[in-house]
């Protein structure tokens, strides 16, 4: 039987750094459109859904052609919202794609979905890329991840990890291959159901990073290194950076 892949983009208006970001206009379309349009080019994703709890986001997404799931429950995290959607619509492999992940490609998603599908003993996966800009190390909005020799996540933090005992302050990124977390999560259906059952963990709350719930409960998460051009949009002034991606 073919593996069914469901991808969900949780989209809410209440961004702390940039309220209303998903609906902010860029070239005549809301920012959410560009993430959705990138993801829908995947050939491995069978169903792509925008999940939201607000009528404004639902209407905008429907206008550009997205399938929309209106959530009626409050959720602590985007993954909890994804779990609600998948409990209704199904899927063997489920993706949570954060709504500000600009620059994803269908090929990149397909390659990592295929890798995750082959590794049947792994219930959780995500993506990361090398940090090349020194300022990203100290930006709390850039989440760092350290991995084991077999590319399993050891920890995620908003703080620079690992700590360099004797840093070259002019070239830290040359001293160690720091990794930046990319907000794409892959789940086996059973893994997502476990996540939904688990209570929020203390460490998850401390860092405000939902993936720490997985590690704190002793589960393993595969980290796939990806070559990706990314742009962080944390304020209206940052929107023009998207010109680097969408020529």
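Bear in mind these aren't lab numbers, they're just calculated from the coordinates by the rules spelled out. No experiment lies behind these values; they were computed from the predicted model shown. Backbone-built Cβ (ideal geometry, glycine too); neighbour counts: all protein chains shown.
With coordinates expressed along the principal axes, the C-alpha atoms belonging to the range 9-107 extend over 35, 33, 23 Å, beginning with the largest. Mind checking which of 117, 84, 134 has the largest fluctuation in a GNM of the chain, springs on alpha carbons under 10 Å? Comparing 117, 84, 134 in the GNM, the peak value goes to 134. Over 5 Å intervals from 0, what percent of Cα-Cα pairs in the chain sits in each interval? Going from the shortest bin to the longest, the percentages are 1, 6, 14, 18, 20, 19, 13, 7, 2, 1, 0. Each 5 Å bin from zero holds the following percent of Cα-Cα pairs in the range 113-174: 3, 15, 23, 22, 16, 10, 7, 4, 1. Ranking of 107, 166, 181, 75 by neighbouring Cβ atoms within 10 Å, starting from the fewest: 166, 107, 75, 181.
Ranked from largest, the principal axis spans of the Cα set of the range 74-190 equal 51, 33, 25 Å. Neighbour counting of Cβ atoms within 10 Å sorts the residues 24, 185, 124, 246, fewest neighbours leading, into 246, 24, 124, 185.
When you restrict to C-alpha pairs under 8 Å that are six or more residues apart and normalise by the size of the range 52-191, the relative contact order lands at 29 percent.
Per residue, the Cα convex hull of the range 176-247 amounts to 164 Å³. In terms of other Cβ atoms within 10 Å, 97, 122 run from fewest to most in the order 122, 97. Over the chain, Cα pairs under 8 Å with separation of 6+ residues give a relative contact order of 22 percent. Centre-to-centre separation between the Cα atoms of the range 2-17 and those of the range 33-111: 4 Å. Entry note, the range 136-247: relative contact order of 24 percent, from Cα contacts under 8 Å with a spacing of 6+ residues.
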